[in-house]
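Novice: The structure follows.
Please treat every number below as a calculation from the coordinates, not as lab data. Quick caveat, the model's predicted, so the values are computed rather than measured. Glycine also receives a Cβ, built like all others from the backbone with ideal geometry; neighbour counts cover every protein chain displayed.
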Amino acid sequence: MVCDMRILVVEDEIGLADAVGAILRMEGYSADVANDGRTGLELALKNEYDCIILDIMLPGMNGLDVLSYLRVKEIETPVLLLTAKSETDDKIKGLDCGADDYLTKPFVKGELLARIRAMTRRRNIPQDINPKYGDITLEMKKGELICGSSSVVLGRKEFQMMELLISRGEQIVTKEDFVKKIWGSGGDSEYNNVEVYISFLRKKLQMLHSAVQIKTRRGIGYCLEGGRR
Ligand code: CA
């Protein structure tokens, strides 16, 4: 497999870090390995990665602090957190801090590679193609929703939801579609999340004075309206 993706691995268990680095290189990725949080952060700030594999428990600066710092600096590289079984709370905190996914140790090679492929998939889309519907444009690189001369930054989930809505236009996106594509599982909390994020997106459309509206099709899902003027 030939690809030009570059991945950063931040893990203090040297054996594991080296093994992950070797697996990635075997698959054709370039891999940099850091064994503590600070070095990992420095590399992540200095280089452009397609994905960061980040352990939570690290000496010096823990993974969650590294992640928060990156997100504050508006570095939106997809982050896969590595957690130990006992670190369930950290996992939730990590997702709140802006991690994209997590993997519980120990894991098998196939699982790791599948997660990386899923996380980097969106990046394979040529990013100069910005989806449009009606008077709104989704700016893929900056993660912004644009209407006329106004723009607003979307959160990661908001962005993914808007991308899905625009791709369907006036066709309905069901709650199941959102949960499957964005959360990847079907817990009740995810179903409630869909409603919450839809309300955020509606507020942002209003802020932009867009003619586009997100319509609820009760019991079915959501679709866009107002594309034709
Ligand atoms: Ca560790």
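Novice: When you scan the range 102-126, how many residues do you find that are more than 18 Å from LEU16 (Cβ to Cβ) and surrounded by 15 or more Cβ atoms within 10 Å (Cβ to Cβ)?
Specialist: 2
Novice: State which residue is nearest to ARG117 (Cα to Cα) when the search covers only the range 46-59 and only residues that are assigned to a loop (DSSP other than H, G, I, E, B) and more than 11 Å from the ligand (Cβ to nearest atom).
Specialist: Initial filter on the range 46-59 (assigned to a loop (DSSP other than H, G, I, E, B)): 47-50, 56-59.
From the residues that got through so far, the ones that are more than 11 Å from the ligand (Cβ to nearest atom) too are 47-50.
Numbers: ASN47: 20, GLU48: 17, TYR49: 14, ASP50: 11 Å.
Top of the filtered list is ASP50.
Novice: Report every pair of residues separated by at least 6 positions or lying on different chains whose Cβ atoms are under 9 Å apart, first residue within the range 51-62 and under 23 Å from ARG121 (Cβ atoms), second more than 12 Å from the ligand (Cβ to nearest atom) and among the aromatic types (Phe, Trp, Tyr).
Specialist: Between residues of the range 51-62 that are under 23 Å from ARG121 (Cβ atoms) and residues that are more than 12 Å from the ligand (Cβ to nearest atom) and among the aromatic types (Phe, Trp, Tyr), the close pairs are CYS51/TYR29.
Novice: Restrict the check to the range 84-105 and report whether at least one residue is aromatic (Phe, Trp, Tyr), part of a loop (DSSP other than H, G, I, E, B), within 16 Å of the ligand (Cβ to nearest atom) and within 23 Å of GLY184 (Cβ to Cβ).
Specialist: The answer is no, given that none of the residues of the range 84-105 is aromatic (Phe, Trp, Tyr), part of a loop (DSSP other than H, G, I, E, B), within 16 Å of the ligand (Cβ to nearest atom) and within 23 Å of GLY184 (Cβ to Cβ).
Novice: Oh, and also: Read through the list (1) more than 16 Å from the ligand (Cβ to nearest atom); (2) among the aliphatic types (A, V, I, L, M); (3) part of a helix (DSSP H, G or I); (4) within 21 Å of VAL33 (Cβ to Cβ), then give the number of the only condition that ILE75 fails.
Specialist: For ILE75, the failing item is (3).
Novice: Give the range 91-113 a look and list any residue that's aliphatic (A, V, I, L, M) and more than 15 Å from VAL10 (Cβ to Cβ), or say none.
Specialist: Residues satisfying the conditions are ILE92, LEU95, VAL108, LEU113.
Novice: Assess whether ILE75 counts as being over 17 Å from the mean Cα position of the chain (by Cα), more than 20 Å from ILE14 (Cα to Cα) and surrounded by 16 or more Cβ atoms within 10 Å (Cβ to Cβ).
Specialist: Considered against the rule, which asks whether it is over 17 Å from the mean Cα position of the chain (by Cα), more than 20 Å from ILE14 (Cα to Cα) and surrounded by 16 or more Cβ atoms within 10 Å (Cβ to Cβ), ILE75 comes out as no.
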